[in-house]
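Quick notes on the structure that follows.
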Amino acid sequence: MTGINESIKSVLKRSHLAAQLSKKNIGQEIRIIGWVEDFRDIGKLGFIMLRDTSGLVQCVLLGKILLDARNIPRQSNVSISGIVQDTKSKNFEVELKVDGMTVLSAATLSLPIDPTGRVESNLDTRLDNRALDLRNSRVLNIFLMRSGILRTIREFFFQNGFTEVNTPKIIGSASEGGSNLFSFEYFKRKGYLAQSPQLYKEQLVLSLERVFEIGPYFRAENSHTLRHLNEFQSVDLEAAYLDYSEVMDLIEELVKKILTFAGHSGKTNNDNNHIYNSTIFDNLVHQPFRRITYEECIDELNNLGERVEFGDDLTDLSLKKLGEKFDKFYFITDWPLALKPFYIHENDDNPLLSKSFDLQFGYLELVSGGTRQHDVSKLKARLKDQGLSLEGFSNHLKAFEWGMPPHSGCGLGLDRLLMVLMGENNIRETVLYPRDTVRISP
Ligand code: AMO
């Protein structure tokens, strides 16, 4: 850093993160930097609980430093030096006997939420103050886990010969059909926010064969549920020469890799405030996910007293019942073609069915995908059947006349997967700055 004198420069250089301290460090002079989570004053002695992204350190204060500490508001950002010593505390392996302390940035005295969670705030207030909310270790852990999962997903795709791509989110016509498109004025014409990268990822298979994209979907749906957002992140894959059952194999392997990562990453910080429940998930890594056809689901639902006919979409209630019956991860395969978007391939033996699947976790749909229609005349017929204009899709359709390989793919809702893994029942908990029908800021 330029323009900063040596002493300031040195207080910005931490020697350790909280979670790195152990008995091995006893007797060493170290420096840690973080925020004051708590301060306990018992007269001649005081304790600061200092938090950084890795966890907590107990800091012991005496004399002049203790007097100074009395004026530091909680959540202030401070740099502390001291000697590591043994501790009587049950919660820590060691503690820090402080010999120097610099307030890098003081917090205001009245904060809008209490990041320790001792004073509870409702979700809306927490989201209105999200940056501060992330100082709560339970909340922070969701996003540390999310970042680790993203790395795991990328590694998986690279190991399997996929190329990462970024497709435009400002587009000139619908990617999924339907009406749930956000539109806006784009230099005197209409622009839309992409509902998914569906058309682009299929076109890219023409030359790249295997692509994946991790990016936002925008859906102008007026849904008010715990599992829908208007902007969410999806992990999309598209691969030449695979059919939908092989895509199911891939996605099953990916989910198991994520479970293995989450199980191993265990506690992401040192204060036990971790909410990934490995006891639920560890066993699932060794079992195949069940694959149940749509028609079997219909039979099952009728057995359970629901009146559902072939061709009906599965309602929330039906999915809840199936979720109770099948539990955890399972695929629902071979949906009626009429329920699926225009780009899904029909079943070779029964044109009323499709080569498609959803991956469920209980009632919650996590992934949707299938074998794609790559015969351009059939694709055109499907677009017409669904009332979509061929002109709007002309750019897309021409790629299918240039030797498009047969291909399959799917999209996985990342925020929903995080909900499942972290035991959250509201998708807003797993997104830093969620966008729903009423929330557009911060
Ligand atoms: P679909 O529309 O099913 O498929 O979306 C894929 C996955 O995204 C998640 N998801 C959502 N998450 C949060 N809020 C929402 N409003 C929301 N809607 C969907 C779900 C879902 O399974 N193009 C296809 C994918 C493909 O076939 O490749 C598609 O968009 O977890």
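The values are calculated or read from the model by the stated rules, or taken from the named source; none is laboratory data. Keep in mind the model is a prediction, meaning the values are calculated, not measured. Neighbour counts are summed over all protein chains in view; Cβ atoms, including those assigned to glycine, are modelled from backbone coordinates with ideal geometry. Ligands, DNA and RNA are stripped out before the accessible areas are found, and what is left, the full protein with its side chains, is counted by its heavy atoms. Shrake-Rupley method; radii C 1.70, N 1.55, O 1.52, S 1.80 Å.
Points to keep in mind about this one:
- Filter result for N160 (over 30 Å from L206 (Cα atoms) and open to solvent by less than 60 Å² (accessible area, probe 1.4 Å)): no
- Qualifying positions in region 333-382 - small (G, A, S), open to solvent by 60 Å² or more (accessible area, probe 1.4 Å) and under 15 Å from D313 (Cβ atoms): A338
- Residue-level check: of (1) within 36 Å of the chain's Cα centre (by Cα); (2) of a type outside the set (S, T, Y); (3) more than 22 Å from D133 (Cα to Cα), L56 misses just (3).
- Scanning region 334-350 for residues that are touching a helix residue (DSSP H, G or I) at 6+ places or on another chain (Cβ under 7 Å) and either more than 8 Å from the ligand (Cβ to nearest atom) or closer than 12 Å to M248 by Cβ (or both) yields a total of 5.
- Qualifying residue in region 255-271 (condition: touching a Pro at 6+ places or on another chain (Cβ under 9 Å), of a type in the set (G, A, S) and outside any loop (DSSP other than H, G, I, E, B)): no
- Within region 398-412, the set of residues being within 11 Å of the ligand (Cβ to nearest atom) and either of a type in the set (V, I, T) or open to solvent by 20 Å² or more (accessible area, probe 1.4 Å) (or both) is empty.
- Conditions (1) out of contact with any Leu (no Cβ under 8 Å at 6 or more places or on another chain); (2) assigned to a strand (DSSP E or B); number of the one not met by K13: (2)
- Residue in region 360-375 that is over 23 Å from I427 (Cβ atoms), away from the ligand (no atom under 15 Å from the Cβ), out of contact with any Leu (no Cβ under 6 Å at 6 or more places or on another chain) and modelled with pLDDT of 95 or more present: yes
- Restricting attention to region 70-92, the residues being within 23 Å of K13 (Cα to Cα), open to solvent by 60 Å² or more (accessible area, probe 1.4 Å) and of a type outside the set (A, V, I, L, M) number 1.
- Scanning region 232-252 for residues that are among the charged types (D, E, K, R) and more than 9 Å from the ligand (Cβ to nearest atom) yields D243, E246, D249, E252.
- Pairs meeting the criteria (first residue in region 13-32 and within 14 Å of I80 (Cα to Cα), second residue in a loop (DSSP other than H, G, I, E, B) and of a type in the set (F, W, Y), beta carbons under 6 Å, at least 6 apart or on different chains) are lacking.
- The single residue among G191, G178, G172 that is open to solvent by 10 Å² or more (accessible area, probe 1.4 Å) and either closer than 22 Å to W402 by Cβ or touching a Gly at 6+ places or on another chain (Cβ under 8 Å) (or both) turns out to be G172.
- Of the criteria (1) within 16 Å of the ligand (Cβ to nearest atom); (2) over 22 Å from K321 (Cα atoms), which one G387 fails: (1)
- Selected residue (criterion: farthest from the ligand (Cβ to nearest atom)) from residues of region 319-332 that are open to solvent by less than 10 Å² (accessible area, probe 1.4 Å) and either within 26 Å of A399 (Cα to Cα) or in contact with a Lys or Arg (Cβ under 7 Å, 6 or more places away or on another chain) (or both): Y330
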